[in-house]
Amino acid sequence: MRKFLYLLYQPYKWLVYIPFLLVSTLVFGITAALLAIFVSPRLASFIGGALWAKLNCYVTPIFVKVKGRENVDKKKSYVIVSNHQSQFDIFVLYGYIGIDFKWVMKYELRKIPGLGIGCEKIGHVFIDRSDSEKAIASLKAARERIVNGTSIIFFPEGTRRIGNRLGEFKKGAFKMALDLNLPILPVTIRGTEKILPPKSMDLFPGCAQLIIGKPISTENFNDSNIEELMQKVKEAMESKLYGDD
């Protein structure tokens, strides 16, 4: 039955959704850039990011269930860490987490028409993974934006992975949390790998979950025991990947 429904969905995907994605990314990206310049980056992030993401979820369609909103204080800033299973994680996070944040994203995304300029003007952080010094400088420059309820989000695995186990975490998110003395907000996404598997165009409607865990304080951690902090966060996220929550 799924194979039959998948075949029925293909004309819609290519004739409706893909054109909508391209046009909406261009239009909302340019709109976000203009709003960021002339009004405010926070409004630009909502219009050009959250609204763009939700519309793309509706048109796919995918249905997102959110758990753990009570764990978030919108007046506080966090270092958010999330697992990464699919490109649709971006829509789920941007559209449904409900707080203002800056992305840490690979530099190549800056070249996408609409998306790149919009993200730059909003204040998202582009990282050149081929140049560690430039990457560190970009993160340092971003620190002044992570205040007054604006958070920053990392995919600590660094790439998309499938399954009930997370990949090895990179230290960047955790070092920033320690440097800024901010709590870490663990977020787990489930179901997006079935909607759009990594490295494929096999898009298919479905359901996804966004599970927001309890913030993890960084007060008792420093560079000498950062591995313990990373493991604590990893366990909090991993338990939600295959649990009943």
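The values are calculated or read from the model by the stated rules, or taken from the named source; none is laboratory data. From a predicted model like this one, the values you see are computed outputs, not experimental measurements. Please note: Cβ atoms are built from the backbone with ideal geometry, for glycine as well, and neighbour counts cover all protein chains shown. Surface areas here come from the heavy atoms of the whole protein model, side chains and all, with no ligands, DNA or RNA. Shrake-Rupley method; radii C 1.70, N 1.55, O 1.52, S 1.80 Å.
So the values come out like this:
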quantity	calculated
Fully extended contour minus Cα-Cα distance, from LYS232 to ASP202, at 0.36 nm per residue	7.4 nm
Share, in percent, of DSSP beta bridges within the chain that are antiparallel, nearest 5	20
Heavy-atom accessible area per residue - the chain, 1.4 Å, Å²	52
Residues in the stretch 179-204 reached by a label modelled at TRP14 [backbone nitrogen below 19 Å; 7 Å Cα→Cβ]	196-197, 200-204
4 °C / 1.567 mPa s Stokes-Einstein diffusion coefficient of the stretch 58-213, Kirkwood radius on C-alpha pairs, µm²/s	80
About the Cα centre, charge dipole magnitude for the chain (Lys/Arg +1, Asp/Glu -1 at Cβ), debye	540
For THR60, net neighbour charge (Lys/Arg +1, Asp/Glu -1) across residues whose Cβ lies under 14 Å away	+1
Fraction of alpha-carbon pairs over 18 Å apart in the stretch 1-132 - percent	60
Largest-first principal axis extents of the Cα set of the stretch 26-81 (Å)	33, 31, 16
Accessible-area composition of the chain, carbon plus sulfur, in percent [1.4 Å probe]	58
Distance-filtered residues of the stretch 130-173 - backbone nitrogen under 15 Å, label point 7 angstrom along ARG110 Cα→Cβ	130-142
Fraction of the pair-distance distribution of the stretch 122-245 above 23 Å, Cα-Cα pairs, percent	40
Lys, Arg +1 and Asp, Glu -1 on Cβ, resulting dipole of the stretch 101-245 about Cα centre, debye, nearest 20	420
For HIS84, residues with placed amide H under 5 Å, excluding near neighbours	ARG161
Gyration tensor over alpha-carbon atoms, the stretch 1-54, equivalent ellipsoid semi-axes in Å	33, 11, 4
Rg ratio (alpha-carbon, reference 2.2 N^0.38 Å) - the stretch 54-129	1.19
